[in-house]
Structure formats: structure tokens, C-alpha cells
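A short worksheet on the structure shown next.
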Amino acid sequence: MRPSVPALWHSLALASLLYVIKLNLRWDVARLVLKPEEYMSYGGHWKFLTFINLVLQAFFNGISLLADVFILMKKERIANFLLPFRDLLFGSLVFPGAAFVATAFWTIFSYDREMIFPKILDETVPVWMNHAMHTWIFPAVLIELCITPHHYPSKRKRLALLGIGCLSYISWLLQIYSVTGKWAYPIFNYLSPLSIAVFFLLCLGFAILYSNMGAFLCRMIWGDTVVILDSSMKKSK
């Protein structure tokens, strides 16, 4: 595939993500869920995994676009510096993050939307925005897998970074609750402490599953040898 195709894709993805992030910040979604003083003083939009995921996706596409530009300019030394970081980020956080946000959100939403996205948010967040944040993100990473060859990191590196990310966010949620007395997501108000612990373990399990699924799909699409910059690199087992 021509290098210009991934560059075009990453340009479009980055622009759309930045637009959604800008609107998300402007609409102050969190104000509808938390008291104003709590929203302003602790966490803001960074309470929500959806927002963190959007920022992560935008950062990834920015790095990818930068690498694409250097490849098009035939600056292979610089591109080779960026590509391992890009691929580690994608395999560890970007793909599993998008898959988890999409499936977890719509599963809980289908059961009882008040647990995850209260109806009051419809007054502020249009339907298309909801789908941009919680639906499109998953097809987007599947498209990324299909048009951009990735040298997936070793399973140990991939799951280590994923584990750090998951535990950091769980710690962040608990910190928010300890300071404000409110959960970032209404679903936790319906759960006992033991149920919350089980819920977190299930989420971690699904995140690992999605990370492994991304590695499997990459291998199915590109085979055991990924060609980047006209050099063959064997994927880590």
C-alpha cells in the first residue's frame, strides 16, 4: 500500500478526533453529573475513560501522521525512531482502549443507560456526538489495522503497559471518590464494594482479551512478517 494512504487516513482521523475533543470540552458534559465545585476542582473531563481514550487516539494518530510524513520524505532514520513507539502504543493501549470503551459503554447502556450515560445528557450531547465518542472509535482502529502495517510489541511489553494503564485509571477513579464522595460513573452507585472489585477485575480481563485480539487480527491481516520501510521485521511472539 502506498505510504500516502495511511497518511491521508491519519490526517482525517486526527482532525475528526480533535474536533470531537474540542466540542466535548466546550459542552462541559461533566457539569451535568457532578456539582460545579466538584467538577471545577477535581478531574473535570479527565474523570471519564471516554475522554481519556479520545485524547489517546488523537495522540496516536498524531504520532502516526508524523511518522507517515517522514516516510514520504524518505527520512527513514527518523521514522524508524517513531515506529516502535507508535506500535507499542497501538498494541498496548489504543486498540484495547477503543474496543473496551465501545463494548463496555453500549453493553451497560443497553441494560440501563442511567448507569453510564444518564438521559439528562441528551440535552447537551447530540446523538452523532455520542456515536463519535462511543461507537466510531472501534471501527476506526479496525480500519487502522487494515491499512497500516504494525510490528506488534512482545506480549510481555504489551500487557505490562496495558496493566499499568488499567491500574492507573482504577486508582484515579478511587481517588476521585475518596476526595469528592461521588463516583465518576453512576453504575458504581448500584454496586457493593465487593461487586466493584469484581467489576474492575472483569474490566481488566476484557482489556487483556482485546489486546490479544488486536495482535491476532494483525497477524491474520499482515501475516507473521510485517514489512515497514521495505525491511522485514519478525513479529514478537
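The values are calculated or read from the model by the stated rules, or taken from the named source; none is laboratory data. Remember, predicted model here, so these are calculated numbers, not experimental data. Virtual Cβ from ideal backbone geometry, glycine too; neighbours counted across all protein chains shown.
Restricting attention to the stretch 181-224, the residues being touching an Asp or Glu at 6+ places or on another chain (Cβ under 7 Å) and part of a helix (DSSP H, G or I) number 1. Counting just the residues of the stretch 23-58 that are under 20 Å from Phe138 (Cα atoms) and not hydrophobic (A, V, I, L, M, F, W, C), which one comes out modelled with the lowest pLDDT? Per the criteria, the residue is Asn24. Checking each residue in the stretch 122-150 for being under 12 Å from the mean Cα position of the chain (by Cα) and of a type in the set (Ser, Thr, Tyr) picks out only Thr135.
Answer with yes or no whether Ala184 is small (Gly, Ala, Ser) and at pLDDT below 95. Answer is yes for this residue. Just for the stretch 39-68: of the residues that are among the aromatic types (Phe, Trp, Tyr) and in a loop (DSSP other than H, G, I, E, B), which one is farthest from His150 (Cα to Cα)? Going through the qualifying residues, I end up with Tyr42. Scanning the stretch 133-147 finds no residues that are of a type in the set (Val, Ile, Thr), closer than 20 Å to Asn24 by Cβ and modelled with pLDDT under 95. In the set (1) in contact (Cβ under 8 Å) with a residue 60 or more places away in the chain; (2) exposed (fewer than 12 other Cβ atoms within 10 Å of the Cβ), the condition left unmet by Ala215 is number (2). Scanning the stretch 121-140 for residues that are touching a helix residue (DSSP H, G or I) at 6+ places or on another chain (Cβ under 7 Å) and either assigned to a helix (DSSP H, G or I) or surrounded by fewer than 16 Cβ atoms within 10 Å (Cβ to Cβ) (or both) turns up Leu121, Thr124, Met129, Ala132, Met133, His134, Thr135, Ile137, Phe138, Ala140.
Quick check: anything in the stretch 70-83 on the phi > 0 side of the Ramachandran plot and either surrounded by fewer than 20 Cβ atoms within 10 Å (Cβ to Cβ) or touching a residue at least 24 places away in the same chain (Cβ under 8 Å) (or both)? The answer is yes; a qualifying residue exists.
Taking the stretch 169-200 as the range and being more than 24 Å from the chain's Cα centre (by Cα) and within 19 Å of Tyr111 (Cα to Cα) as the test, the residues that pass are Asn189, Tyr190, Leu191, Ser192, Ser195.
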